[in-house]
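> To start, I am sharing the structure in question, which I have written as structure tokens.
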Amino acid sequence: MTLATTPDPVLRDLDEPRESDVPDDPDGDDAVRRPAEATESSRASRHWWDRNADEYQDEHGAFLGDDRFTWCPEGLDEADARLLGDPAGLRGLAVLELGAGAAQCSRWLAARGARPVALDISFRQLQHSRRIDLQRDTPPVTVVQADAAVLPFADGSFDLACSAYGAVPFSADTAAMMREVHRVLRPGGRWVFSVTHPIRWAFPDEPGVEGLTATSSYFDRTPYVEQDEQGRATYVEHHRTLGDRVRELVGAGFRLLDLVEPEWPDGHDQEWGGWSPLRGRLIPGTAIFVSERG
């Protein structure tokens with residue numbers, strides 16, 4: 001793997017806090033549907049995750065584990081799903097994880113002999129990766145802070161790429177992101193990513209019965225934006241239909257191998273935002289795209 005020479009995505013001392021990494025929590029944010037271009041979306045994601053990383057890891061860290069590779073709130077683990085291939089075949093492979101958070105998935109990959117690089121836009125999330133490594137007294141996962149839409153790697157640097165609910169929903173131009181992933185993968189390399197199932201955008205993000213009635217158009221691709229009193233985006237998510245995702249992948253040069261829609265498992269009663277046993281048994285909550293670089 002070779003890092004590009006661009007100065008923007010950086011490897012920094014993760015033990016050194018910076019005041020700008022965790023902005024003040026904005027008050028009075030409004031939720032709206034409006035356009036949000038790439039720069040605004042990227043800035044909002046970086047600040048939101050820096051601001052909320054501590055709470056996120058506190059709330060979901062036990063479910064995610066320190067070295068567990070789970071694809072979704074339904075609890076589908078890579079150890080069982082094998083969407084990246086046979087775990088025994090991961091040894092020695094260079095793997096890029098996009099939107100890695102605290103690098104839990106990368107840690108699972110490293111334990112199987114892979115050489116993962118965990119990329120995230122949030123410096124605070126990557127500090128949690130360092131925290132976990134220090135607590136476990138294990139070799140640190142290689143981390144890079146960068147926007148997944150502009151990858152700071154040379155062509156053909158990786159054998160595999162993956163993302164478990166990271167980066168893809170927050171990017172304004174995922175067609176360009178798919179082209180970037182294609183660029184840094186070697187021929188035949190898999191690109192597997194999970195996102196909120198697109199059908200969920202038609203329903204309120206509620207775990208109870210109120211989340212079972214469609215209130216929006218599935219075809220409305222207007223981004224969901226939370227904004228402050230000055231109209232500046234503080235959080236942005238972008239919607240694509242299933243067809244959009246397939247066309248983005250194919251247009252970037254990937255072959256779609258599988259589309260996995262995990263069912264809600266019996267005995268799993270943990271809610272996660274709008275994911276719940278009630279909704280999970282009726283409508284899909286996650287879509288996992290399994291593709292291969294041509």
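The values are calculated or read from the model by the stated rules, or taken from the named source; none is laboratory data. From a predicted model like this one, the values you see are computed outputs, not experimental measurements. A quick note on method: Cβ atoms are made from the backbone with ideal geometry, for glycine too, and the neighbour counts reach across all protein chains shown.
> Residue under question is GLY211, and the condition is that it be surrounded by fewer than 15 Cβ atoms within 10 Å (Cβ to Cβ) and either under 16 Å from VAL168 (Cα atoms) or over 19 Å from the mean Cα position of the chain (by Cα) (or both); does it hold? Write out each step before concluding.
Working: surrounded by fewer than 15 Cβ atoms within 10 Å (Cβ to Cβ): no; either under 16 Å from VAL168 (Cα atoms) or over 19 Å from the mean Cα position of the chain (by Cα) (or both): yes.
So GLY211 does not fit the description; no.
> Can you go through THR241, THR234 and tell me which one is within 24 Å of GLU180 (Cβ to Cβ) and in contact with a helix residue (DSSP H, G or I) (Cβ under 7 Å, 6 or more places away or on another chain)?
Among THR241, THR234, only THR241 is within 24 Å of GLU180 (Cβ to Cβ) and in contact with a helix residue (DSSP H, G or I) (Cβ under 7 Å, 6 or more places away or on another chain).
> Could you tell me how many of the residues in the stretch 183-204 are over 17 Å from the mean Cα position of the chain (by Cα) and either within 16 Å of LEU84 (Cα to Cα) or at pLDDT below 95 (or both)?
5
> Since ARG43 meets every condition but one in (1) free of Cβ contacts under 8 Å to residues at least 60 places away in the same chain; (2) out of contact with any strand residue (DSSP E or B) (no Cβ under 6 Å at 6 or more places or on another chain); (3) outside any loop (DSSP other than H, G, I, E, B); (4) under 23 Å from GLN145 (Cβ atoms), which condition does it not meet?
So the condition that ARG43 fails would be (1).
> Condition (residue is on the phi < 0 side of the Ramachandran plot and without any contact (Cβ under 8 Å) to a residue 24 or more places away in the chain) applied to the stretch 161-179: is it met by at least one residue? So that I can check it myself, show each step before the final result.
Of the residues in the stretch 161-179, the ones on the phi < 0 side of the Ramachandran plot are 161-164, 166, 168-179.
With the extra rule that they be without any contact (Cβ under 8 Å) to a residue 24 or more places away in the chain, the set shrinks to none.
Within the stretch 161-179, none of the residues are on the phi < 0 side of the Ramachandran plot and without any contact (Cβ under 8 Å) to a residue 24 or more places away in the chain.
Conditions tested, residue by residue: (1) buried (at least 18 other Cβ atoms within 10 Å of the Cβ); (2) of a type in the set (S, T, N, Q); (3) over 18 Å from VAL168 (Cα atoms).
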| residue | (1), (2), (3) |
| --- | --- |
| THR215 | no, yes, yes |
| GLN227 | yes, yes, yes |
| GLY231 | no, no, yes |
| VAL236 | yes, no, no |
| HIS239 | yes, no, no |
| LEU249 | yes, no, no |
| PHE254 | yes, no, no |
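> Residues of the stretch 251-288 being outside any loop (DSSP other than H, G, I, E, B) and of a type in the set (Val, Ile, Thr), which ones?
Of everything in the stretch 251-288, those that are outside any loop (DSSP other than H, G, I, E, B) and of a type in the set (Val, Ile, Thr) turn out to be VAL260, THR286, ILE288.
> Do we have any residue at all in the stretch 121-142 that's under 30 Å from GLY280 (Cα atoms), among the hydrophobic types (A, V, I, L, M, F, W, C) and surrounded by 21 or more Cβ atoms within 10 Å (Cβ to Cβ)?
Yes, the stretch 121-142 contains at least one residue that is under 30 Å from GLY280 (Cα atoms), among the hydrophobic types (A, V, I, L, M, F, W, C) and surrounded by 21 or more Cβ atoms within 10 Å (Cβ to Cβ).
> Quick check on my filter: what residues within the stretch 172-199 are aliphatic (A, V, I, L, M) and in contact with a Phe, Trp or Tyr (Cβ under 8 Å, 6 or more places away or on another chain)?
Correct list: MET178, VAL181, VAL184, LEU185, VAL192, VAL195, ILE199.
> From the list GLY156, GLY188, GLY113, exactly one residue is part of a strand (DSSP E or B) and surrounded by fewer than 22 Cβ atoms within 10 Å (Cβ to Cβ). Which is it?
GLY188
> Only one of PHE158, PHE170 is within 21 Å of LEU256 (Cβ to Cβ) and in contact with a helix residue (DSSP H, G or I) (Cβ under 8 Å, 6 or more places away or on another chain); which?
PHE158
> Of the residues GLU210, GLU180, only one is modelled with pLDDT of 95 or more, charged (D, E, K, R) and closer than 26 Å to PHE254 by Cβ; which?
The conditions single out GLU180.
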